[in-house]
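Reading through the structure tokens given below for one structure.
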Amino acid sequence: MKQIASTILSLIFLLISCKNNTTENTTDTYKIPLYVWAQLPQHTITDKELLNQFQKLKNKGVDGVMYAAGHDPLTYKRVGKIIKQVGMEFHAWIPTMVQNNNPKLQPEWYAVNGKGESAFDKPAYVPHYQFLCPNKDEVYHFLENLYRNIADINEVDGIHLDYIRFPDVILAKGLWNKYDLVMDKEYPQFDYCYCDKCVHDFKSVSGIDIKTVEDPSKVEEWKQFRYDLITKIVNRLADVVHDKNKVINAAVFPGPNSIAKKLVRQEWNKWNLDAFYPMNYNDFYIEGTEWIGQLTKEEVNAVSTKKPIYSGLFICPKPENKTNEADPENHGLLPSELEAAINESMRNGATGICLFTPDRMTSAHWQVLEKAITTDYTKK
Ligand SMILES: [Zn+2]
């Protein structure tokens, strides 16, 4: 009897030792937190195929997926279940101010530019640039309802906001050729929102009738008014999602001071979010990987290192064609640049990185990534 008791005790001791060893090993293995932006393909895909795709991502070191699958809660439930089964975080990636073809939305809720044209029927740059006005209660209620229904789903860990901004009043320099534009200053056809409510509300708080001002880009209060409109809508949505005990984060332009405020009126350092995913897409700004480091530093400082910054990296899908490609959408980091981009991000204080997108990664990219994510660049 005594012997049996002693054997049991030894077994328990052994189990505890094993458990401790496992814990120690896990802690010892350094890995950079890794997220990806991915979306449900246009074609039908079975649960088994999805499981296979997500398992591959997990095996490559991906910790969480920002997943775009439209507005239907049931789709998020289905996808989320599979992502959770694999053991990754699941964030529902849903555009905010850009909303296309939806019977729930009225044409008069869309933003209006400085020439009086609506983004509903005359969007800037591209047909999908149908931006809503962030100053309308109806718009807020539509968004609140949308995000609340998705945040309600058990499998959803968080809400990932995107297009949470005004249309680009100035495009990133790498896009000027594509649209045959020189955006040396703010032009009225790209400057929003001059709807009656925005003009009226701004006059009430500032005394300025912005429609009578010759160059509105010189009026600092008018810029601040619009930064604040976006900030208010984000913070109201954050309360809704936090009430559901879920996290909320966003894809933002880099900066915010150097780029996000100037190009898209995002003063995101004032947003009550749990994490930020700045799109540090150097090729869009005709910059190299060292620029990623400079911007990451600005971003980390902008939130006083209190919130995680995941450095968003734009991947080149066909590295062999990059130099012949005119469209910057097909540019991005080559496999030979990827390690430097990760190094710059991490050395300058990023909590992790986020890839746009896993589908654009070639096998050469994955090879570089595999080694890079287990390297502690902060100690080098
Ligand atoms: Zn407006």
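By the count of neighbouring beta-carbon atoms within 10 Å, fewest first, 331, 160 end up ordered 331, 160. Relative contact order of the chain: 17 percent, from C-alpha pairs under 8 Å at least 6 residues apart in sequence. Peptides 188-195, 203-210 ranked from most to least packed give 188-195, 203-210, packing being the mean of other C-beta atoms within 10 angstrom over each peptide's residues. Among 361, 183, 97, the largest mean-square fluctuation in a Gaussian network model of the chain (Cα springs under 10 Å) belongs to 183. The alpha-carbon of residue 197 sits under 14 angstrom from the alpha-carbons of these aspartates and glutamates, leaving out residues fewer than 8 places away in its chain: 108, 137, 138, 209. For the listed peptides 230-240, 317-327, 144-154, a ranking on the average number of other beta carbons within 10 Å per residue, highest first, reads 230-240, 144-154, 317-327.
For the chain, a/c is not less than 1.5, where a ≥ b ≥ c are the root eigenvalues of the C-alpha gyration tensor, and a/b tops b/c. That puts it in the prolate class. Here residue 297 is the anchor, and the lysines within straight C-alpha reach of less than 23 Å, apart from those fewer than 8 places off in the same chain, are 31, 173, 261, 262, 270, 306, 307, 379, 380.
From its DSSP helices (H runs of at least four residues, each -39,500 (n - 2.57)), the chain gives a residue-normalised ellipticity at 222 nm of -12500 deg cm²/dmol. Projecting label points 7 angstrom from Cα along Cα→Cβ for residue 30 and residue 323 puts them 3.5 nm apart. Prolate is the label for the range 96-251, because the ratio a/c of its alpha-carbon gyration tensor axes (a ≥ b ≥ c) is 1.5 or higher and a/b is greater than b/c.
Taking every DSSP beta bridge that has both ends in the chain, the antiparallel portion is near 10%.
DSSP beta bridges fully contained in the range 96-251 are about 50 percent antiparallel.
Taken together, the values in this text are just the output of simple stated rules run on the coordinates, not laboratory data. Since we're looking at a predicted model, the values are computed, not measured. In this analysis, Cβ positions are derived from the backbone assuming ideal geometry, glycine residues included, and neighbour counts consider all displayed protein chains.
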